[in-house]
Amino acid sequence: MVVLNTQPSTSELKHKKNRRKIAKKPARTASAQGAEDDDMEGSSSAPGEQSAAAQEGWDEGDDDVMIDTDAAAPSQSAAPAFPALPASAQRTSLKSETRRIPIPPHRMTPLKKDWVNIFSPLTEMLHLQVRMNVQRKSVEIRTSKHTKDIGAIQKGADFVKAYALGFDVNDSIALLRMDDLYLDSFEIKDVKTLHGDHLSRAIGRIAGQDGKTKFTIENASRTRIVLADTKIHILGSFQNIKVARDAIVSLILGSPPGKVYAGLRTVSARMRQRAM
């Protein structure tokens with residue numbers, strides 16, 4: 001007879017220990033459970049009461065805050081008032097601007113003759129620095145510390161450009177004195193493609209005999225017109241430029257001068273009525 005010594009496994013021992021621990025735990029009594037329930041009810045009711053009290057406190061605080069904000073808020077109808085900018089803030093003193101205006105070769109000789117009348121208004125009225133660059137055939141303009149107007153350099157460039165296109169000095173100076181004057185340029189081929197004698201006759205219709213047609217358009221529309229070969233330059237206000245351009249386009253398309261004059265009379269009469 002063979003006797004085998006068998007030892008229980010570790011897993012079986014653990015299960016037995018767990019069973020013993022579970023058996024040793026005392027059961028909760030009814031009284032203890034009731035006390036716990038009472039505590040839960042008390043705790044559940046307490047937050048509700050606290051939240052209600054807190055809500056009342058917040059409502060009172062909100063009323064106070066709203067009253068304060070309403071009293072301190074400015075009226076919406078009042079416009080914001082900002083102080084005016086000083087003259088130094090509008091001045092471009094940090095960096096000087098430079099413009100170079102090219103001059104056509106056929107305008108260099110008149111430029112030298114009228115140079116005194118050209119640079120005087122630029123330096124005296126706009127306080128710009130001007131020089132004539134003969135090698136590059138251009139006029140160079142630069143701002144200085146004495147320049148007050150921020151758009152002075154643009155006005156000076158328009159003045160020199162108008163003279164370079166063929167306008168008289170006295171007519172070009174109007175660009176410096178008035179703000180609503182502009183330059184408009186176009187070519188005859190932009191309106192109608194013409195070649196040879198047809199192109200020459202179109203230019204003749206615009207100029208007229210001894211320039212009478214051109215002078216009539218200028219006086220009726222209060223503009224200045226320059227005929228430079230096939231290019232046409234107009235100096236004046238926006239509305240006046242439109243009147244002169246419409247008359248010139250009609251002449252290019254072949255309208256007789258008498259019909260154009262009648263249209264100019266009608267337009268000039270309407271302009272007088274509007275001015276009155």
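The values are calculated or read from the model by the stated rules, or taken from the named source; none is laboratory data. Only a predicted model underlies this, so the values are computations on that prediction, with no experimental measurement involved. Here Cβ is always computed from backbone atoms with ideal geometry, including for glycine, and neighbour counts include all displayed protein chains. Remember, those area values only see protein heavy atoms, side chains included, never the ligands or the DNA or RNA. Shrake-Rupley method; radii C 1.70, N 1.55, O 1.52, S 1.80 Å.
None of Lys259, Lys192 is touching a helix residue (DSSP H, G or I) at 6+ places or on another chain (Cβ under 7 Å) and not assigned by the TED database to the domain that holds Asp168 except Lys192. Taken over region 117-145, the residue count meeting the criterion of being assigned to a loop (DSSP other than H, G, I, E, B), of a type outside the set (Lys, Arg) and out of contact with any strand residue (DSSP E or B) (no Cβ under 6 Å at 6 or more places or on another chain) is 6. Only one of (1) open to solvent by less than 80 Å² (accessible area, probe 1.4 Å); (2) within 34 Å of the chain's Cα centre (by Cα) is not met by Lys231, so which one is it? Tallying (1) open to solvent by less than 80 Å² (accessible area, probe 1.4 Å); (2) within 34 Å of the chain's Cα centre (by Cα), Lys231 fails exactly one: (1).
Here are Gly208, Gly166: which of them is over 31 Å from the mean Cα position of the chain (by Cα) and under 30 Å from Asn117 (Cα atoms)? Break it down into steps so the answer makes sense when it comes.
Numbers: Gly208 fails: under 30 Å from Asn117 (Cα atoms).
The unique qualifying residue is Gly166.
What residue, of Ala220, Ala162, Ala157, is in the same structural domain as Glu97 (by the TED database), in contact (Cβ under 8 Å) with a residue 40 or more places away in the chain and in contact with a Ser or Thr (Cβ under 7 Å, 6 or more places away or on another chain)?
On the way: Ala220 fails: in the same structural domain as Glu97 (by the TED database); Ala157 fails: in contact with a Ser or Thr (Cβ under 7 Å, 6 or more places away or on another chain).
Going through Ala220, Ala162, Ala157 in turn, the sole match is Ala162.
Within region 227-239, is there a residue that is aliphatic (A, V, I, L, M), touching a strand residue (DSSP E or B) at 6+ places or on another chain (Cβ under 6 Å) and farther than 15 Å from Gly211 by Cα? Taking every residue of region 227-239 in turn, at least one turns out to be aliphatic (A, V, I, L, M), touching a strand residue (DSSP E or B) at 6+ places or on another chain (Cβ under 6 Å) and farther than 15 Å from Gly211 by Cα. The residue of region 144-165 that is farthest from Pro104 (Cα to Cα), among those that are open to solvent by less than 30 Å² (accessible area, probe 1.4 Å) and at pLDDT 90 or above, is Ile153. Looking across region 192-206, the residues that are in contact (Cβ under 8 Å) with a residue 12 or more places away in the chain and open to solvent by 50 Å² or more (accessible area, probe 1.4 Å) come down to Lys192, Arg205.
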